[in-house]
Amino acid sequence: MASLSALVGPPTGAACPPGQCQFGDDWQTAKLLERTQQTHDTFLLTWGLADEGRALGLSTCACILAKIDNTADPASPIVRPYTPVSTNAMIGKFQLVIKVYPGGAMTQYMASMDIGAPLHFKHIDKNVKMQYPFGKENITMLVGGTGITPMIQAIHAILGTAGDTTKVTLIFGNKEQKDILCKELLDKWASDFGDRLRVVHVLSNADDDASWEGAKGFINRKIIEDNCVPTASNYVVVCGPPPMYSALCGPREKPEEISGLLKDMGYSADQVYKF
């Protein structure tokens, strides 16, 4: 089985402005071309676009929406956001990394659908997040679980664009070693770009894991201060599950407000972006 770093490739700067995505406000289909299993519950899915001669055209950073029917409630389809790990350098296709959850209707469906089968996608204005170029000297990414995929998109652009000198510290929280999404890819990028990308893994359920030599517990003040530049020159991006926002920066739904650990550390709302 090919590694994720071999399948995704090196960081690639192929950012484009909003408004060029092949998916728009209406649902369109893309066919599943390939599915490769990366870990016990992680897959890389490759989808074919309707226009095989063009890239997806998704801006950095932005996501797309996927939809499947809801058999329990036909009037309420299941819709989930996903951020591709591929870039606009890929023509006629795009790639998603998914983590399959036991009760996750969408990921269970994606993991078992037939090759060649279609899935509905669309892209709307609110799917566009902070846009590249970010214009920051130092960026710290505080990430949990599947929140890593938008960060991969951002790191693609930062490290893959000639002339960009931004330095990134990625602090990535997961439960156990087996849960670390895209670990091999991230660690390879950190090795290849050691002067500009630092990856720190933090595991919350590793007390009994004798093989784990990294940080344990949750992302905290000491981990941030030990690995990041001083507050005044640091821009922080937070992406993860709701409890992470509550603990670190305050509700995602209130981007203009800052609370939690980052406020205690002296960060202001204009230094923090909540994905």
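The values are calculated or read from the model by the stated rules, or taken from the named source; none is laboratory data. Only a predicted model underlies this, so the values are computations on that prediction, with no experimental measurement involved. Positions of Cβ are backbone-derived with ideal geometry, glycine not excepted, and every protein chain shown enters the neighbour counts.
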Next item on the list: Restricting attention to helices (runs of 4 or more DSSP H) lying wholly within region 179-262, give those where 3 or more residues are farther than 24 Å from S3 by Cα and in contact with a helix residue (DSSP H, G or I) (Cβ under 8 Å, 6 or more places away or on another chain).
Entry: 242-248
Notebook entry, point to check: Of all residues in region 67-81, which are assigned to a strand (DSSP E or B) and more than 15 Å from T146 (Cα to Cα)?
Noted result: K67, I68, I78, V79
Next item on the list: Within region 44-66, track down each residue that is buried (at least 18 other Cβ atoms within 10 Å of the Cβ) and either part of a loop (DSSP other than H, G, I, E, B) or in contact (Cβ under 8 Å) with a residue 60 or more places away in the chain (or both).
Entry: L45, W47, L49, L56, G57, L58, S59, T60, C61, A62, C63, I64
Checklist line | Number of positions in region 47-78 that are out of contact with any Gly (no Cβ under 6 Å at 6 or more places or on another chain), more than 28 Å from K274 (Cα to Cα) and not hydrophobic (A, V, I, L, M, F, W, C) | finding: 9
Check: So which of D73, D41 ends up being exposed (fewer than 12 other Cβ atoms within 10 Å of the Cβ) and either among the acidic types (D, E) or closer than 22 Å to C239 by Cα (or both)?
Finding: D73
Check: Quick one: which of D41, D25, D73 is outside the structural domain of H156 (by TED's automatic domain parsing), free of Cβ contacts under 8 Å to residues at least 24 places away in the same chain and acidic (D, E)?
Finding: D73
Notebook entry, point to check: Hey, any hits in region 45-66 for a residue that's modelled with pLDDT under 95 and out of contact with any strand residue (DSSP E or B) (no Cβ under 8 Å at 6 or more places or on another chain)?
Noted result: no
Next item on the list: Take region 76-89 and flag every residue that is touching a residue at least 60 places away in the same chain (Cβ under 8 Å) and surrounded by 16 or more Cβ atoms within 10 Å (Cβ to Cβ).
Entry: Y82, T83, P84, V85, S86, T87, N88
Next item on the list: Would you check if A105 is surrounded by fewer than 18 Cβ atoms within 10 Å (Cβ to Cβ) and on the phi < 0 side of the Ramachandran plot?
Entry: yes
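The rows are residues; the columns are (1) over 28 Å from T71 (Cα atoms); (2) buried (at least 16 other Cβ atoms within 10 Å of the Cβ); (3) of a type in the set (V, I, T).
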position: M110; (1), (2), (3): no, yes, no
position: Q153; (1), (2), (3): yes, yes, no
position: T166; (1), (2), (3): yes, yes, yes
position: E184; (1), (2), (3): yes, no, no
position: F193; (1), (2), (3): yes, yes, no
